[in-house]
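One structure is given here, and the rest of the page talks about it.
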Amino acid sequence: MSECMGCGAGSLTEINTYKRKWYFCHQCGTAHPIQKEKYALTFLPNRLMKKSGDSEDVMYDYFIEPGHIEYSIGTAHDFIRQHIEPNKIDLSGRSILDISGGNGHFMMEIAKLGATVALTEINKPTLDYARKTHGIDVYEFNFNSNRIHETVDKKYDMIFARAAIMFCKDLGGFARDCRNILPDGGLICINHSVIPTLGVMIRVQLDEFSYWVLRQPEEVIRIFADAGYELQSRADETDPSMYVYDHDKVRDWQIAHFLYQVPAVRKIWKLENSGLNCFSLRARDRRRSTMFFKKLG
């Protein structure tokens, strides 16, 4: 990759991981991966080391498992406590569209606050589950092959995009399309936008499908400002869960960590010492931001 897919700058650094190479921009801090054609350790008796024949959407089949349903309900309560209440957002009477809303249980908790809710999803079993279980409007939508204003048949007061924009290649296009289904003053919540850190890149290196792009919160804000939105609030956090570390005790993951993490640490250290801006690339955790944007007239 010769230039950043975000800002177009040519100052990129390649970070090598098991199934993909990441290209990190020192100007805007965006990182884009390119999937490898061949993997080095396919001879090991571990399916994660090999190519998968599954499609992208199949990885989300677990969305309708009981454990994830319980997780979705808990996530809704956290979201209300951490973002809706502090921002004093009244959801009563509001119509809200949840992008990549999964099994729908998150939004049914939001509905208890008086909102009318709908969602999009990429995974067909989850789509069917949400439609049959909740009786709400459910749309099949893929950031990179559909346009949101051509997919949904209604306008909404608010749009949630939770843990989602890392799978959207053209965030500016999505933001502009959302203007067609939002009223002036309508809100978009970008929740859990993950920034590029080495910890995240190593954590997802054995996943056959993963993030398409990781952006700095400042870059997300710039993109939405260019599309005609105004930032209302921003909250940054370090993921308190063990997501990045939960495979540390798995032998095959340790092999991959050693082979790819150590060289990456050395490379980043040299880049920082040379004066290049590496943002938080050296971090071993998952860092993310939640932002509310208002559509301007």
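The values are calculated or read from the model by the stated rules, or taken from the named source; none is laboratory data. Keep in mind that what you see is a predicted model, and the values were worked out from it rather than measured. A quick note on method: Cβ atoms are made from the backbone with ideal geometry, for glycine too, and the neighbour counts reach across all protein chains shown. Quick note on the areas: whole protein, heavy atoms, side chains included, nothing else; ligands and nucleic acids left out. Shrake-Rupley method; radii C 1.70, N 1.55, O 1.52, S 1.80 Å.
Only residues that are among the aliphatic types (A, V, I, L, M), closer than 20 Å to ARG282 by Cα and not in a strand (DSSP E or B): list them for segment 177-197, please. Reasoning before the result, please.
Step one: list which residues in segment 177-197 are among the aliphatic types (A, V, I, L, M), which gives 181-182, 187-188, 190, 194-195.
With closer than 20 Å to ARG282 by Cα added as a condition, the list becomes 194-195.
Answer for segment 177-197, where residues must be among the aliphatic types (A, V, I, L, M), closer than 20 Å to ARG282 by Cα and not in a strand (DSSP E or B): just ILE195.
Within segment 251-269, does at least one residue satisfy the condition of being surrounded by 14 or more Cβ atoms within 10 Å (Cβ to Cβ), part of a helix (DSSP H, G or I) and among the hydroxyl-bearing types (Ser, Thr, Tyr)?
Within segment 251-269, one or more residues are surrounded by 14 or more Cβ atoms within 10 Å (Cβ to Cβ), part of a helix (DSSP H, G or I) and among the hydroxyl-bearing types (Ser, Thr, Tyr).
State whether one or more residues within segment 137-151 are among the polar types (S, T, N, Q) and part of a helix (DSSP H, G or I). Even if it seems obvious, please write down each step before you answer.
Step one: filter segment 137-151 for residues among the polar types (S, T, N, Q), giving 142, 144-146, 151.
Then drop every residue that is not part of a helix (DSSP H, G or I), which leaves 151.
Yes, segment 137-151 contains a residue that is among the polar types (S, T, N, Q) and part of a helix (DSSP H, G or I).
Which one of the conditions (1) out of contact with any strand residue (DSSP E or B) (no Cβ under 6 Å at 6 or more places or on another chain); (2) without any contact (Cβ under 8 Å) to a residue 40 or more places away in the chain does VAL117 fail to meet, given that it meets all the rest?
(1)
Can you spot a residue in segment 121-129 that is on the phi > 0 side of the Ramachandran plot and surrounded by fewer than 20 Cβ atoms within 10 Å (Cβ to Cβ)?
If we filter segment 121-129 for residues that are on the phi > 0 side of the Ramachandran plot, which is where we start, we get none.
No, segment 121-129 has no match at all.
So, in segment 2-23, of the ones that are of a type outside the set (Ser, Thr, Tyr) and in contact with an Asp or Glu (Cβ under 8 Å, 6 or more places away or on another chain), which residue ends up nearest to LEU276 (Cα to Cα)? Working first, answer last.
Restricting attention to segment 2-23, the residues satisfying the condition of being of a type outside the set (Ser, Thr, Tyr) are 3-10, 12, 14-16, 19-22.
Retained after the next criterion (residues that are in contact with an Asp or Glu (Cβ under 8 Å, 6 or more places away or on another chain)): 6-7, 9-10, 12, 19, 21-22.
Working: GLY6: 18, CYS7: 17, ALA9: 13, GLY10: 13, LEU12: 10, LYS19: 26, LYS21: 20, TRP22: 17 Å.
Once the filter is applied, the top-ranked residue is LEU12.
Are any residues in segment 152-173 touching a residue at least 24 places away in the same chain (Cβ under 8 Å), more than 13 Å from SER100 (Cα to Cα) and open to solvent by 40 Å² or more (accessible area, probe 1.4 Å), and if so, which ones?
LYS154, LYS155, ASP157, LYS169, ASP170 - these are the residues of segment 152-173 that are touching a residue at least 24 places away in the same chain (Cβ under 8 Å), more than 13 Å from SER100 (Cα to Cα) and open to solvent by 40 Å² or more (accessible area, probe 1.4 Å).
Out of all the residues in segment 84-120, which are open to solvent by less than 10 Å² (accessible area, probe 1.4 Å), outside any loop (DSSP other than H, G, I, E, B) and of a type in the set (S, T, N, Q)?
THR120
Of (1) open to solvent by less than 30 Å² (accessible area, probe 1.4 Å); (2) modelled with pLDDT of 95 or more; (3) within 22 Å of PHE209 (Cβ to Cβ); (4) of a type outside the set (Gly, Ala, Ser), ASN146 satisfies all except one. Which?
The one condition ASN146 does not meet is (1).
Within the group LEU187, LEU214, which residue is open to solvent by 10 Å² or more (accessible area, probe 1.4 Å), among the aliphatic types (A, V, I, L, M), touching a residue at least 60 places away in the same chain (Cβ under 8 Å) and at negative phi? Talk me through it step by step, then tell me what you get.
Details: LEU214 fails: open to solvent by 10 Å² or more (accessible area, probe 1.4 Å).
Criteria check complete, one pass: LEU187.
Can you tell which of GLU14, GLU109 is farther than 25 Å from GLY186 by Cα and either more than 20 Å from the chain's Cα centre (by Cα) or among the acidic types (Asp, Glu) (or both)? Even if it seems obvious, please write down each step before you answer.
On the way: GLU109 fails: farther than 25 Å from GLY186 by Cα.
Result: GLU14 is the single residue among GLU14, GLU109 that is farther than 25 Å from GLY186 by Cα and either more than 20 Å from the chain's Cα centre (by Cα) or among the acidic types (Asp, Glu) (or both).
If you check GLU237, GLU219, which single one turns out to be acidic (Asp, Glu) and farther than 23 Å from LYS21 by Cβ?
That would be GLU237, the only listed residue that is acidic (Asp, Glu) and farther than 23 Å from LYS21 by Cβ.
Report, by residue number, each residue of segment 270-289 that is over 20 Å from the mean Cα position of the chain (by Cα) and either open to solvent by 40 Å² or more (accessible area, probe 1.4 Å) or charged (D, E, K, R) (or both).
So in segment 270-289, the residues over 20 Å from the mean Cα position of the chain (by Cα) come out as 270-278.
Matches in segment 270-289: LYS270, GLU272, ASN273, SER274, GLY275, LEU276, ASN277.
Can you name the residue in segment 1-52 that is among the hydroxyl-bearing types (Ser, Thr, Tyr) and touching a residue at least 12 places away in the same chain (Cβ under 8 Å) and is also farthest from VAL265 (Cα to Cα) among such residues?
If we filter segment 1-52 for residues that are among the hydroxyl-bearing types (Ser, Thr, Tyr), which is where we start, we get 2, 11, 13, 17-18, 23, 30, 39, 42, 52.
Next, only the ones that are touching a residue at least 12 places away in the same chain (Cβ under 8 Å) stay: 11, 13, 17-18, 23, 30, 39, 52.
Working: SER11: 19, THR13: 13, THR17: 12, TYR18: 15, TYR23: 15, THR30: 18, TYR39: 21, SER52: 28 Å.
Result: SER52.
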